[in-house]
Amino acid sequence: MILQLLFSFLVILLNAIFCCTVSGGGFGTILIQKVLFLGFLCIIILYSICSSNGKSLVNILSAKKKYKSFSFQELKSTEISIDFLCKSILYIGISFLIFSCSYFFINIENKETIGKNLSTIILSLFYTIIIELILITLKSKIKKDQILFMAEEIETKNQIQDKKNKLSSIIKIFLSTILIFTLFALFIFVSNIENFNQSQYNLNSIFMWLDIPSFIELFVPSFLLLLISGNFKIFFHGIKTVVQNQKISVSQKNLMQNAIKTFRIIIILVALSCSLIGFAAMNKFLDDKSLLGINIHVALIVSFYAVICNLILLPLEIKICKLAEEI
């Protein structure tokens, strides 16, 4: 598990550096507040020890050989401890956020510290999200190993599929994706038609929703974290199963649902972390109001992509459940 922990941290760190670079700021000046980060980690560690979950959480640091020898009960205990820690970090992060917001509004009249205090609020959320990302990646791997531990059969049964069923599933997925994007685009255009006519971007505003750096900083780390969790192949096998309308066993269903659910959560958290980096970088340009709108747009677009991705994956997750029930 120690390798998965280190690789997860490395992926998130590199993605944060990339996000800072494309946002126009330095990594150190945007995301590093030593006192805040160290205080955050110290509280989490002390809280875990005091809650009697420290022993189970030490399993995260286990070497590969030792981890493979874990019993089902040890895997379950580690998963429960990680789940507990995920919830704990959420509440600790919210407490930091509330404290930062209170301090921000108390000192709101001091314009010189607005940017710095606002960054503290953003970083409270950012640190919460990146730690949650690492833990969710590890939890997904443990969940997968538990399913494999209990499963009586893992390999997918080869069944003769009707070509019409395959074609129908592909068309449904394709049309659903197009419909979602079309409705969003139509809603945005109709609700802002006057602004489109008066905007300096005019028709180019449509292409503002196609941002290559945002695709990179969202999907590359998300798929890498999925790979680290050991669910990469299972994720794509799940999509293939839905497209081909194959019947699957209960254990296969659990594996595929775990993979898709993990990817949905990871991609949302990665998107939020990227948006927060964008907002943190934006604090450096608060004096230039002409850039405010476009900077907010760039910070939010990655979260928009993540939401659309979740809307596409949710029906697939439900379909997998139905395929197992039809056996």
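Remarks
- Residue-span extension gain [LYS233 to PHE84] - 0.36 nm each, minus C-alpha spacing: 50.9 nm
- Taking TYR91, TYR67, TYR47 and ordering them by how much accessible surface each has at a 1.4 Å probe, largest first, produces TYR91, TYR47, TYR67.
- Approximating the spin labels as points 7 Å out from Cα along Cα→Cβ, the LEU14-to-ASN107 distance works out to 3.7 nm.
- Shown is the FRET efficiency for LYS322 and PHE149, computed with R0 = 30 Å from the Cβ-Cβ distance and rounded to the nearest 0.05: 0.75.
- In the context of the full set of protein chains, residues of segment 55-140 present 55 Å² of accessible surface per residue (probe radius 1.4 Å, heavy atoms only).
- Measuring against 26 Å, Cα to Cα, the residue pairs LYS87/LYS319; LYS233/LYS322; LYS66/LYS319; LYS64/LYS322; LYS65/LYS247; LYS34/LYS66 contain LYS87/LYS319; LYS66/LYS319; LYS64/LYS322; LYS65/LYS247; LYS34/LYS66 as the ones spanning a longer distance.
The values are calculated or read from the model by the stated rules, or taken from the named source; none is laboratory data. For clarity, every value in this text was computed on a predicted model and none was experimentally measured. Glycine gets a Cβ as well: all are built from the backbone with ideal geometry, and neighbour counts include every protein chain shown. Ligands, DNA and RNA are stripped out before the accessible areas are found, and what is left, the full protein with its side chains, is counted by its heavy atoms. Shrake-Rupley method; radii C 1.70, N 1.55, O 1.52, S 1.80 Å.
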